[in-house]
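Please treat every number below as a calculation from the coordinates, not as lab data. Only a predicted model underlies this, so the values are computations on that prediction, with no experimental measurement involved. FYI the Cβ positions are ideal-geometry reconstructions off the backbone, even for glycines, and counts take in every protein chain you see.
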Amino acid sequence: MGEIDDAIERADREAFTKDPPKTLKGQIRFLLKQFGSAKAVAQELGVTADSVNRYRRGARKHARPDIAAKIDDAVKARWQPLVRKRRRQQAAASGGITVETRARFGYTAPVGTTDDGRFRRLTVHLPPQYAQRLFDARDTGASDQQMRGIIAEGFKEVYFQDGGGRALGLSDVEINDIDYLDLDY
């Protein structure tokens, strides 16, 4: 996964309205509800159905670190999917997406102006259409570079050109050397 994918995942995790189960027993019970059987949970985690039942009963209080990580990931991936979906739909329909980053921005500009790339720390709220394009690109398996292009285009319109009020000759904006990138919607 790339930087943009990671940022979307972090934003999704922040969308929880209720924390997922923390105990091993609680996590296994949640997964049993999701999958329907101990055998299905066991296949997902790479353990036996007997192990799953021991975790459920509390006969085993702790899982091996690698299995515990798989359990945690499986729970987080399935926890409150409707909340995530609703937040994404709202961002794409009306709310937009806020991008905070520190990166090197370069651009193509008319002769007589500087187009040297430089590091900038920006927090920019992009309109809903950019959120929709970003989510669609991610869902179709777009590369990190393609998703960077969508964000760069949004920065060009909203930040550099101020919605068409300045820098009209600016043609391309590129995001390079990302120190960090965080999304909120």
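Based on alpha-carbon atoms, the Kirkwood radius and the radius of gyration of the chain give Rg/Rh equal to 1.14.
Can you tell me the order of 118-130, 21-33, 94-106 when each peptide is scored by its average per-residue count of other Cβ atoms within 10 angstrom, highest first? Before the final figure, lay out each step's value.
On the way: 118-130: 14.8, 21-33: 16.6, 94-106: 18.2.
Result, highest mean Cβ count within 10 Å first: 94-106, 21-33, 118-130.
Within the range 3-35, the GluC sites (Glu not before Pro) that combine a DSSP coil assignment with at most 14 other C-beta atoms in a 10 angstrom radius are 14. Close Lys pairs in the chain, defined as Cα atoms under 25 Å apart and 8 or more places apart or on different chains, number 27.
May I ask you to derive the FRET efficiency for residue 139 and residue 119 from their Cβ-Cβ distance with R0 = 35 Å, giving the value to the nearest 0.05?
Result of the calculation: an efficiency of 0.70.
Which of the peptides 53-60, 147-154 is most tightly packed, and how do the rest follow, judged by the mean count of other Cβ atoms within 10 Å per residue? Please list the in-between numbers first.
Numbers: 53-60: 15.9, 147-154: 20.5.
Taking the mean over residues of other Cβ atoms within 10 Å, the ranking is 147-154, 53-60.
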